[in-house]
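Please read the structure below before turning to the comments.
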Amino acid sequence: AEAVVEGEEDEEEEDETLEEPPPASSETEKRPREEDASESGEAVGEAAQELDANAKRARAEAAPRLFKVFVGGLDSAVTQQELEQYFSQFGKVVHAVVMRDRVTQQARGFGFVTFDSEFAREAALEFVGHVLRGRAVDVKPPAREAD
């Protein structure tokens, strides 16, 4: 018979124990659930949107505040200079633009005027009877304030 030295048998058992794989866990525990992935993706998307909104807010606060009005019903011959000159009676005009078709470059019948103060903007909005080149024009707040 084979002689077994007292310490050898224990070592063999220990080797077997070390080689045994850890207890198997179910497949769902090994892989992230699809729900978790979509939830984390949504969270990342929301965080990115929040950062984008914060960045826009910071830019708006850092930029000088501008006061814009929409001018509708413009004659097609009205120029940017005429728009600026007319509205300068209400205050300092920072920018004036007559909107044009991208392809034909024809005037689209409206534009925007930007003032440097709320006072000038309000004066232009409150004035009744704006006329440019013999044509009555509408002056209103823009549909959407500039970003």
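Amide hydrogen proximity for F115: with H placed 1.01 Å from N in the peptide plane, the residues at 5 or more positions away or on another chain lying under 5 Å are F67, K68, V69, V94. If you wrap the Cα atoms of the range 65-140 in a convex hull and average its projected area over all directions, you get 4.6 nm².
Averaged per residue, the range 65-140 has 60 square angstrom of accessible surface, using a 1.4 angstrom probe with ligands and nucleic acids left out. Placing dummy labels 7 Å off each Cα toward the beta-carbon, the span from Q105 to E126 is 4.1 nm.
The values are calculated or read from the model by the stated rules, or taken from the named source; none is laboratory data. Treat the numbers as computed from the prediction; the structure is a model and nothing was measured. Neighbour counts are summed over all protein chains in view; Cβ atoms, including those assigned to glycine, are modelled from backbone coordinates with ideal geometry. For accessibility, only protein heavy atoms count, side chains too; no ligands or nucleic acids. Shrake-Rupley method; radii C 1.70, N 1.55, O 1.52, S 1.80 Å.
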